[in-house]
Amino acid sequence: MYGSINLKKIQEMRFNMNDKVAIITDVHANLEALKSVLIDIKKQNIQQIYSLGDAIGLGNSPSECLNLMIENNIEMIAGNAEEYLILGADCFPYLKNNMERYNNAIWTESQLSKEQIDVLKKIPHTIELNINNKKVALCHFPIDVRYDYAGVWKYEGKNAQYFFDTNTSNDIRFSLPKTPPIISADNDPLFGGKTINNYDVIIYGHYHFYRYHKMKNIEFYSLNGTGVAINNKSIYYVLETIDGKLNISEKSVNYDFGTLYQKLDNTDYPNKKTFEKYIRKI
């Protein structure tokens, strides 16, 4: 089952004019939300699905969500929630400022098998697409989430200029932990070592809201989270070419919110209160 994962660091695909792909992001272990979007995507006869990271973390069903993504041949990208397992939660000092989140990262790891964690260790940080001669980069966030530094967390979607900063430890804002030892992102850089300027379109998740920027002729799309959307809905996006132009459309789907809440009431795990706030926007 796990052999279907594409392990290339950068995946290049060329699309015909009528091709469509679906994008999900920030499922955050919300199984009911994930199920609903997959059903709707299949109704649209879309064959290729990409996940922009944070498939796990926060929510109550990390193992089930990961299995469902693998079974549906979803091409996954590593987000910070995956990095908490890949590198270890102790590599992210800011987690210690919120012990509920830290404990959730530890709990999430305990819910996954060694085989599942091995899969996460092999997924890329970027997927590159070529859609109607547009160079499109899919990532969790256009600044490397493997590093803990102030800039990424201060970004509020108002100015994409942050994304033109470097992705390597040469950036003075980086605060890399000395222990435990980690694999440096310098050896496996975001965008495969390319810069933002190599792309026409950057599509990312991480912040759980939709926002569009255009800077230096590069289009930036921040996408709503699939499993942490408002109004008890799950959200995914469709990429296609319409009249020769790249089009990104948002699809909102009802899901079994009642079942999710019933499960939460019957489950004791770290971060439950925070997860409820994310899905209800209390």
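Before moving on, here are some points about what is shown:
- Checking each residue in the range 94-109 for being over 20 Å from the mean Cα position of the chain (by Cα) and surrounded by 13 or more Cβ atoms within 10 Å (Cβ to Cβ) picks out E100, N103.
- Failed criterion for N45 (all others in (1) assigned to a helix (DSSP H, G or I); (2) at pLDDT below 95 hold): (1)
- Of all residues in the range 1-42, exactly one satisfies the criterion of being at pLDDT 95 or above and touching a Pro at 6+ places or on another chain (Cβ under 6 Å), namely A29.
- For P124: the one exception among (1) touching a Ser or Thr at 6+ places or on another chain (Cβ under 8 Å); (2) of a type outside the set (F, W, Y); (3) open to solvent by less than 60 Å² (accessible area, probe 1.4 Å); (4) at pLDDT 90 or above: (1)
- Listed by first and then second residue, the pairs with beta-carbon distance under 7 Å, at least 6 apart or on different chains, first residue in the range 245-267 and of a type in the set (G, A, S), second at pLDDT 95 or above, are S249/Y237; S249/V238; S252/I235.
- From the list E82, E75, the lone residue that is under 21 Å from T274 (Cα atoms), buried (at least 17 other Cβ atoms within 10 Å of the Cβ) and not small (G, A, S) is E82.
- Pairs meeting the criteria (first residue in the range 218-238 and within 16 Å of M69 (Cα to Cα), second residue open to solvent by 10 Å² or more (accessible area, probe 1.4 Å) and aromatic (F, W, Y), beta carbons under 7 Å, at least 6 apart or on different chains) are S234/Y255.
- Per-region count, the range 200-235, residues buried (at least 21 other Cβ atoms within 10 Å of the Cβ) and in a loop (DSSP other than H, G, I, E, B): 10
The values are calculated or read from the model by the stated rules, or taken from the named source; none is laboratory data. This is a predicted model, so every value here is computed, not measured. Neighbour counts are summed over all protein chains in view; Cβ atoms, including those assigned to glycine, are modelled from backbone coordinates with ideal geometry. These area figures cover heavy atoms from the full protein model, side chains too; ligands, DNA and RNA do not enter into them. Shrake-Rupley method; radii C 1.70, N 1.55, O 1.52, S 1.80 Å.
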